[in-house]
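*Asks:* Just dropping this structure here.
The values are calculated or read from the model by the stated rules, or taken from the named source; none is laboratory data. As the structure is a computational prediction, the values presented were derived from the model and not from experiment. Don't worry about glycine lacking a Cβ; one is built from the backbone with ideal geometry, like all the others, and counts go over all protein chains shown.
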Amino acid sequence: MLNIQDLCVNYEKNQVIKGISMEVKEGEIVTLIGANGAGKTTLLRTISGIKSSSSGSIEFMGNPIHKMPSHKIVDLGIGHIPEGRRVFPEMTVKENLEMGAYRRKDSKEMKKELDHIFELFPRLKERISQRAGTLSGGEQQMLAIGRAIMLRPKVYLFDEPSLGIAPLVIAEIAQMIKRLNEEEGATILLVEQNANLALKLSHRAYILETGKISLEGPSEELANDDRVQKIYLGYE
Amino acid sequence: MSEQIIQALINGLVSGSIYALMAVGFTLVFGIMHVINLAHGELYMLGGFSTFFMVSIYQINFFVALIATLIIIGVFGFFIEKIIFKPLRNASLLNTLLASIGLSLFISNLVLKLAGSDMRNIEFPFSGQSISILGTSVSVHRIVVLLLTAFLVCLLGWVIKYTKVGKALRATAQDTDAAALMGVNINLIYGIIFAISAGLAAVAGGLIGSLYVVDPSMGMMPGMKAFIIVILGGMGSVVGALLGALIFGYAETFTTLFLESSYQELVGFIILILVLLFKPSGLFGGVNTK
Amino acid sequence: MTKNLNAKKLSLIALCAIILLVIPILLGDYHVHVINQIGIFIILVTSLNLILGYTGQLSFAHIGLFAIGAYTSSILMMTYNVPFLLSLLLSMVASAFFGLLVGLIALRFTTHFFAIVTLAFGEIIRLIIYNMPDLTGGPNGIYNIPFPPNVFGLDFSQRSHFYYIILIGAVATVLFVKYMIGTRTGKAMIAVRENETFAQFIGINTWKVKMISFTLSAALAGFAGSIYAHYNSYISPYSFTMMESVTLLLMVIIGGVGTIFGPILGAAFLITLPELLRDVNEWRLVIFGALLVLTIMFMPKGLLGLFKSIQEKVKSSKKPVSNIDSGLGEEERKSVGS
Amino acid sequence: MGKRKLSLLAGLMAFVLLVFTGCSGSSETGGKGGSGDGGDTIKIGIAVATSGAIAKTGQDSLAAQRVAVEEINESGGVKIGDKSYKFELVHYDTEGKAESATAATERLIQQDKVMAVIGASTSTETAAMIPIAERNKTPMLTAVAAAPVLTNMGANYFTSASSQTIMAIQKYVDGMKNFDYKKVAMLHFNDEFGMATAEAVNKAFAENDIEIVFQEAFAPTQHEFGTMLDKVAATDAEVIFAVAQIESFVNLLKQAKEKGIKIPVRDGAGGALEEMIKILPPEYTHGLVGGSRSGRVDAEDHKAFRAKFEEPELVNSFHYSGRDSIYLLKDAFERAGSATDKEKLQEAIRASNFDGLMGNYQFNEKGENSIKSITGIVLDGEIHYYEKDEDIPQDVIDSIR
């Protein structure tokens, strides 16, 4: 479904992603694990078209998207929940959700979608006309996910959904990701520092080290790999 | 004296509303695009000329001319953004500022070369008529300026608050990347912001050109003042820009009333520094001051 | 620097020195005058570069401090008969003092707030000069400012003789700033420019560093102002407006911000270009404006950056090395502002 | 500094040297045998602002100077002894900036070897240029800038051919007396010109028992006069005496009319009337009185001169003044009897007794001229002129008062 070939990305003169090839198949949860600065966020930003690549290709359902502007990529059905939630702090919860459906033309469907999201996250409904900036971290993460669901994307890109969030809420969000995949058949590419969580959630995993893929395979296998255990899972 | 104070209150309101049209556009461009556009005053000047040519040469109705000016200069602003500021998207604040100064030199001197340096008077439909408010007479001209400004600012407020484009503008202002992830076409939005800003400045030029006179150097001071007002109100804040404009209008009027006109500039700068000392990000600043 | 003083370099320095010394003999008064103006602006722009280029603070107040230098020196010499060298020194002290005052308030702010507060101060200084006719001549300015007294048979009322004062001043200023950058304080300045939070983190008193940089740069602006006044023998508030301030910034940016050589190049370019364009008269500012926009669009790192990238291209075509860091040095330009 | 940079520096300096010497070479050969070697042209340098915010006055005077030169060259040129010379103008833009003006002056004198310099647009530029003319012993005239500071600098080679504020003061006093005004509100610029005029007017009015009941300075950039006019309306002033340039004056008139202020406005700067009636409809300017510095624009000479322009109706006092400056020089050259001796030329300029469009030019030892201002009164959009000794008809006075 999402196919990346030999992708390279530069920041100014420094190459951050040095030739990555990877694939996400329909219905899968794929996770990308790596240390800080390995290039995970950059990869997701490049897929969404916010950052431009210097070489290589990205294909989404047969369409080359590495030269497309981000709003066209959104149209094709890629929903990106960015690192740090990035909700619009001065807008209300409702306005934030409406922004999620910015590219959708069918306003009736949108109403249904809103109800659906309030069903998934009842806490958002309580805060419907509150400014998003005043929400707690966990609530903001829910809002960010809800905002992405509004678009009904075919693929979700999750960037560090557990970062800076209370442990109890993390479980809730992990549950949500699983539900999206199982109940709604969404394909998910998950970037996580919390490798433990990510490997449990996902079907397959890639390990990214300083801009290159160093290891890949089914998540269970990787979770048992010595090196992964030592470096990413913290086993001694 | 009391009559003079009432007069001053009205004068300050009119001056303030004129500054507001300039400042709102300026602050939009800064707040969303982080560009300090010192060519803002030249767009105002172009608006003055466009209105003058339509009204006095082609005998078009003043208000129709203003709307046409809004559109023409707005479109012009859109292309300026595409041609000059888009390639400078990742440049530093100082570099875009200097580029805008180059643009300002280019436009004002080109107009000077093409249209000459003569001053021109825009014929206003109700010139010379006045009505009585609170016992003092106020010209219809100024009331029209005041009402039109208020209308445009409210219209802009409505667009920003309730329309889809307005929401996209706000989203872009608060978080450009997140807005792009929602599918907002950032390039288009930037162009629209510039067009709105240029259009408002151009209408201000037409209105003020009719109140004063039109000439190629008319944009310099208002452009500068818009900058100061926006800083005073808080960079990027529309409400701040409106309040800053009023404060500035009243500061000038009351300086003339109680001191002397020639201290206007000095008083303006001193107020600016005082405000910033107590509220370092401007009156309504602190939200979008990246 | 002393280590690699090889013969080739020495001969180049000698060549430069000879060219610089013979300029007034070879050229007529008009060209010497243009070069003198370049020289005065090299002093001024180099001093601005200390705060803008090396410490990363966008200051518009520089033109005001330049004005204070010019007025102090003129008033001291004309009203109080203070000798030239002492007036020069005192004008530096006066500019430094006012720089300190402005800095105390303005350096509470960062980025564009600092810029606008300094802009306000620059204008306030000009407006006060304008509105104090008893001391400053107000809008009339001060005229018949005396030239420095003659020494060694040099008559400083002549452009070609005054040239040597400016030459010494410019070389001294450039060398001083170069020296300054090498000191601990200078390195702290660059640290502040690169990342203020990090600089604080590693124990630099960033406020103090910025104050030192601002005050030093003010003193040098006063120095330039004094020379400017005695060279032109006429000053008025109209020479110290915000537009001149913008011209100074342009010189820094077009030359190459945060480099020793950039301000020299920028001043030379921005003073010579309008002179070369004199024959197109009315179109001059139109062309100038367009060139300015194009320069910023296509040469964001200034002329020096352009030379560097050309040099790199020549180099890399000779030996294809993919060393991406080759262009990044201590003097790499850093974007100022946000 | 690295070797690379040193070589760059050396290269740059060599380049500048080359460009400069190249420039001087081309301009000397291009000069078609300049005046220095007794050829048949005399070069006159013009340094005025033709770009920037104050371009108008410079553009106008320059256009007239070009027309005047053409006229002179076509009608036999400048006759010195038994030879006749043609004038050649060299103009550089000063942008209204002192730095640019000084460089332009140096270039005119050093590079183009002009015999005289005419400039500039603002007093600041002119004041910066005077020391250069003085040092190079080159005659310098001004046709636009008029502040008293210029002639007070004590320069021997500078002469003011633009109409002097000082000469108009008596006219202003007479004007007040004609209309029997006793209480005046004075609004004036806070620049060098406005301040000097205000000071002189204050003194002269006090001596003649005319009371200034209100006085206020404003910046040349100010457009809004509402509150100031309200303050004036609250006094018992019978007339507003405004020392302002055209732009402020137009705004003042528009806003006075807008506010319904009935107090008549008088021009205290000179030269504004002709502009005013072009910019504003008649109802704004009716009853405006001023000391005109255009001379009698209804005279035949003026008409003939205006006819040389594409748009004769746009010709103003700066045109006349510019035209006069060239003819004044022609007259001085012919009396000096030399096309190359700057000292003789300077003496001849100062000894002028020349009738131009603006009036009769004679100069005192400071270089101030003696052009007598005439009174202009705007009635229904037309200016009526009255010479110094002419009486203004009572019915005109009554219709305005």
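*Asks:* Return a yes/no flag: does segment A:99-108 have any residue that is touching a strand residue (DSSP E or B) at 6+ places or on another chain (Cβ under 9 Å) and within 25 Å of residue B:171 (Cβ to Cβ). Can you show your working first?
*Replies:* Within segment A:99-108, the subset touching a strand residue (DSSP E or B) at 6+ places or on another chain (Cβ under 9 Å) is A:100.
The next check asks that each one be within 25 Å of residue B:171 (Cβ to Cβ); those that pass are A:100.
Taking every residue of segment A:99-108 in turn, at least one turns out to be touching a strand residue (DSSP E or B) at 6+ places or on another chain (Cβ under 9 Å) and within 25 Å of residue B:171 (Cβ to Cβ).
*Asks:* Same structure again: In the set D:183, D:177, D:171, which member is modelled with pLDDT under 80 and in the same structural domain as residue D:208 (by TED's automatic domain parsing)?
*Replies:* Values: D:183 fails: modelled with pLDDT under 80; D:177 fails: modelled with pLDDT under 80.
Every option except D:171 fails the conditions.
*Asks:* Moving on to the next point. Considering only residues that are in contact with a His (Cβ under 9 Å, 6 or more places away or on another chain) and closer than 16 Å to residue D:193 by Cα, which ones fall in segment D:216-274?
*Replies:* D:216, D:217, D:218, D:241, D:242, D:243, D:244, D:247, D:248, D:268, D:269, listed by residue number.
*Asks:* Here is a list of conditions, (1) out of contact with any strand residue (DSSP E or B) (no Cβ under 8 Å at 6 or more places or on another chain); (2) over 28 Å from residue B:170 (Cα atoms), and residue B:282 meets all of them except one; can you say which number that is?
*Replies:* So the condition that residue B:282 fails would be (2).
*Asks:* Against the conditions (1) closer than 22 Å to residue B:78 by Cα; (2) surrounded by fewer than 24 Cβ atoms within 10 Å (Cβ to Cβ); (3) more than 14 Å from chain A (Cβ to nearest Cβ), where does residue B:247 fall short? Just the number, please.
*Replies:* With (1) closer than 22 Å to residue B:78 by Cα; (2) surrounded by fewer than 24 Cβ atoms within 10 Å (Cβ to Cβ); (3) more than 14 Å from chain A (Cβ to nearest Cβ) applied to residue B:247, the lone miss is (1).
Rundown of residues vs (1) within 21 Å of residue C:120 (Cβ to Cβ); (2) among the acidic types (Asp, Glu), yes/no style:
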{"residue": "C:220", "(1), (2)": "no, no"}
{"residue": "C:226", "(1), (2)": "no, no"}
{"residue": "C:229", "(1), (2)": "no, no"}
{"residue": "C:238", "(1), (2)": "yes, no"}
{"residue": "C:244", "(1), (2)": "yes, yes"}
{"residue": "C:248", "(1), (2)": "yes, no"}
{"residue": "C:254", "(1), (2)": "no, no"}
{"residue": "C:258", "(1), (2)": "no, no"}
{"residue": "C:261", "(1), (2)": "no, no"}
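*Asks:* Is at least one residue of segment D:137-148 closer than 30 Å to residue D:183 by Cβ, surrounded by fewer than 24 Cβ atoms within 10 Å (Cβ to Cβ) and under 14 Å from the mean Cα position of the chain (by Cα)? Give the steps one after another, and end with the answer.
*Replies:* So in segment D:137-148, the residues closer than 30 Å to residue D:183 by Cβ come out as D:146-148.
Now restrict to residues that are surrounded by fewer than 24 Cβ atoms within 10 Å (Cβ to Cβ): D:148.
Now drop any that are not under 14 Å from the mean Cα position of the chain (by Cα), which leaves D:148.
Yes, the conditions are met somewhere in segment D:137-148.
*Asks:* Would you mind listing the helices (runs of 4 or more DSSP H) fully within segment C:1-116 where at least 3 residues are modelled with pLDDT of 90 or more, within 17 Å of the chain's Cα centre (by Cα) and more than 29 Å from residue C:249 (Cα to Cα)? Outline the logic, then answer.
*Replies:* Working: elements: C:7-26, C:29-49, C:62-79, C:84-106.
It comes to none.
*Asks:* Please tell me if residue A:54 is within 14 Å of another protein chain (Cβ to nearest Cβ), over 20 Å from residue B:182 (Cβ atoms) and among the hydroxyl-bearing types (Ser, Thr, Tyr). Show your work before the answer.
*Replies:* Details: within 14 Å of another protein chain (Cβ to nearest Cβ): yes; over 20 Å from residue B:182 (Cβ atoms): yes; among the hydroxyl-bearing types (Ser, Thr, Tyr): yes.
Yes: the conditions hold for residue A:54.
*Asks:* A further question on this structure: Working carefully through the options C:287, C:296, C:253, find the one that is within 9 Å of chain B (Cβ to nearest Cβ), under 12 Å from the mean Cα position of the chain (by Cα) and assigned to a helix (DSSP H, G or I).
*Replies:* C:253
*Asks:* Something else: I'd like the full set of residues that are over 17 Å from the mean Cα position of the chain (by Cα) and surrounded by 15 or more Cβ atoms within 10 Å (Cβ to Cβ), limited to segment C:164-185. Before the answer, list the steps.
*Replies:* Just the residues of segment C:164-185 that are over 17 Å from the mean Cα position of the chain (by Cα), to begin with: C:164, C:182-185.
Hits for segment C:164-185 are C:164, C:185.
*Asks:* Residue check: is residue B:91 more than 25 Å from residue C:283 (Cβ to Cβ) and free of Cβ contacts under 8 Å to residues at least 40 places away in the same chain?
*Replies:* yes
*Asks:* In this structure, is residue A:128 in a loop (DSSP other than H, G, I, E, B) and either among the β-branched types (Val, Ile, Thr) or within 29 Å of residue A:39 (Cβ to Cβ) (or both)?
*Replies:* Numbers: in a loop (DSSP other than H, G, I, E, B): yes; either among the β-branched types (Val, Ile, Thr) or within 29 Å of residue A:39 (Cβ to Cβ) (or both): yes.
Criteria met by residue A:128.
*Asks:* If you don't mind, another one. Quick one: residue B:95 ticks every box in (1) touching a Leu at 6+ places or on another chain (Cβ under 7 Å); (2) more than 14 Å from chain C (Cβ to nearest Cβ); (3) of a type in the set (S, T, N, Q) except a single one, so which number is it?
*Replies:* For residue B:95, the exception is condition (2).
*Asks:* Can residue D:207 be described as within 30 Å of residue D:150 (Cβ to Cβ), crowded, with 20+ Cβ neighbours inside 10 Å and out of contact with any helix residue (DSSP H, G or I) (no Cβ under 7 Å at 6 or more places or on another chain)?
*Replies:* Details: within 30 Å of residue D:150 (Cβ to Cβ): yes; crowded, with 20+ Cβ neighbours inside 10 Å: no; out of contact with any helix residue (DSSP H, G or I) (no Cβ under 7 Å at 6 or more places or on another chain): yes.
When the stated conditions are applied, residue D:207 does not pass them.
So that you can scan it fast, the table gives a plain yes or no per residue for (1) more than 28 Å from residue C:129 (Cα to Cα); (2) within 14 Å of chain B (Cβ to nearest Cβ); (3) not basic (Lys, Arg); (4) not in a helix (DSSP H, G or I):
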position	(1), (2), (3), (4)
D:168	yes, no, yes, no
D:172	yes, no, yes, no
D:175	yes, no, yes, no
D:180	yes, no, yes, yes
D:186	no, yes, yes, yes
D:197	no, no, yes, no
D:200	no, no, yes, no
D:230	yes, yes, yes, no
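*Asks:* Sticking with this one: Name the residues in segment D:303-342 that are closer than 16 Å to residue D:274 by Cα and surrounded by fewer than 15 Cβ atoms within 10 Å (Cβ to Cβ), would you?
*Replies:* Within segment D:303-342, D:303, D:311, D:312, D:313 meet the criteria.
*Asks:* Output the strands (runs of 3 or more DSSP E) that fall wholly within segment A:14-92 and possess 3 or more residues being of a type in the set (A, V, I, L, M), or say none. Outline the logic, then answer.
*Replies:* Working: elements: A:14-24, A:29-34, A:55-60, A:78-81.
In segment A:14-92, A:14-24, A:29-34 are the strands (runs of 3 or more DSSP E) which contain 3 or more residues that are of a type in the set (A, V, I, L, M).
*Asks:* While we're on this one: Got a number for residues in segment D:231-242 being in contact with a Ser or Thr (Cβ under 9 Å, 6 or more places away or on another chain) and either within 14 Å of residue D:176 (Cβ to Cβ) or at pLDDT 90 or above (or both)? Step through it out loud before you land on a result.
*Replies:* So in segment D:231-242, the residues in contact with a Ser or Thr (Cβ under 9 Å, 6 or more places away or on another chain) come out as D:231, D:242.
After this cut, where a residue has to be either within 14 Å of residue D:176 (Cβ to Cβ) or at pLDDT 90 or above (or both) as well, the list is D:242.
So the count comes out to 1.
*Asks:* Next up: Residues to consider are B:21, B:13, B:114, B:98; find the one that is within 30 Å of residue D:49 (Cα to Cα) and either in contact with a Phe, Trp or Tyr (Cβ under 9 Å, 6 or more places away or on another chain) or crowded, with 24+ Cβ neighbours inside 10 Å (or both).
*Replies:* Working: B:21 fails: within 30 Å of residue D:49 (Cα to Cα); B:13 fails: within 30 Å of residue D:49 (Cα to Cα); B:114 fails: either in contact with a Phe, Trp or Tyr (Cβ under 9 Å, 6 or more places away or on another chain) or crowded, with 24+ Cβ neighbours inside 10 Å (or both).
Exactly one residue qualifies, and that residue is B:98.
*Asks:* Continuing with this model, one more query. What is the one condition in (1) more than 14 Å from chain D (Cβ to nearest Cβ); (2) assigned to a helix (DSSP H, G or I); (3) small (Gly, Ala, Ser) that residue C:203 does not satisfy?
*Replies:* It is condition (2) that residue C:203 fails.
*Asks:* Filter segment D:72-121 down to the residues that are of a type in the set (Asp, Glu) and surrounded by fewer than 17 Cβ atoms within 10 Å (Cβ to Cβ), then identify the one that is nearest to the other protein chains (Cβ to nearest Cβ).
*Replies:* Step one: list which residues in segment D:72-121 are of a type in the set (Asp, Glu), which gives D:74, D:82, D:88, D:93, D:95, D:99, D:106, D:112.
Retained after the next criterion (residues that are surrounded by fewer than 17 Cβ atoms within 10 Å (Cβ to Cβ)): D:74, D:82.
Numbers: D:74: 24, D:82: 33 Å.
Among them, the one singled out is D:74.
*Asks:* Could you list all residues from segment B:130-157 that are facing chain D (nearest Cβ under 9 Å) and modelled with pLDDT under 85?
*Replies:* Answer for segment B:130-157, where residues must be facing chain D (nearest Cβ under 9 Å) and modelled with pLDDT under 85: B:130, B:136, B:137, B:138, B:139.
*Asks:* Looking at segment B:62-83, is at least one residue among the hydroxyl-bearing types (Ser, Thr, Tyr) and under 15 Å from residue B:210 (Cβ atoms)?
*Replies:* yes
*Asks:* Further question: Since residue B:93 meets every condition but one in (1) farther than 26 Å from residue D:222 by Cβ; (2) crowded, with 24+ Cβ neighbours inside 10 Å; (3) in contact with a His (Cβ under 8 Å, 6 or more places away or on another chain), which condition does it not meet?
*Replies:* Residue B:93 satisfies all of (1) farther than 26 Å from residue D:222 by Cβ; (2) crowded, with 24+ Cβ neighbours inside 10 Å; (3) in contact with a His (Cβ under 8 Å, 6 or more places away or on another chain) except (2).
*Asks:* Based on this model, can you work out whether residue A:205 counts as among the small types (Gly, Ala, Ser) and within 23 Å of residue A:86 (Cβ to Cβ)? Steps first, please.
*Replies:* Details: among the small types (Gly, Ala, Ser): yes; within 23 Å of residue A:86 (Cβ to Cβ): no.
When the stated conditions are applied, residue A:205 does not pass them.
*Asks:* Which condition number in (1) under 23 Å from the mean Cα position of the chain (by Cα); (2) within 13 Å of another protein chain (Cβ to nearest Cβ); (3) assigned to a loop (DSSP other than H, G, I, E, B) is the one that residue D:163 fails?
*Replies:* Every condition holds for residue D:163 apart from (2).
*Asks:* Here's something else I'd like to know. Determine the pairs where a residue that is more than 9 Å from chain B (Cβ to nearest Cβ) and more than 20 Å from residue A:145 (Cβ to Cβ), located within segment A:66-80, has a partner that is in a loop (DSSP other than H, G, I, E, B) and not aromatic (Phe, Trp, Tyr) with Cβ atoms under 6 Å apart, the partner being 6 or more residues away or on another chain.
*Replies:* A:66/A:53; A:68/A:49
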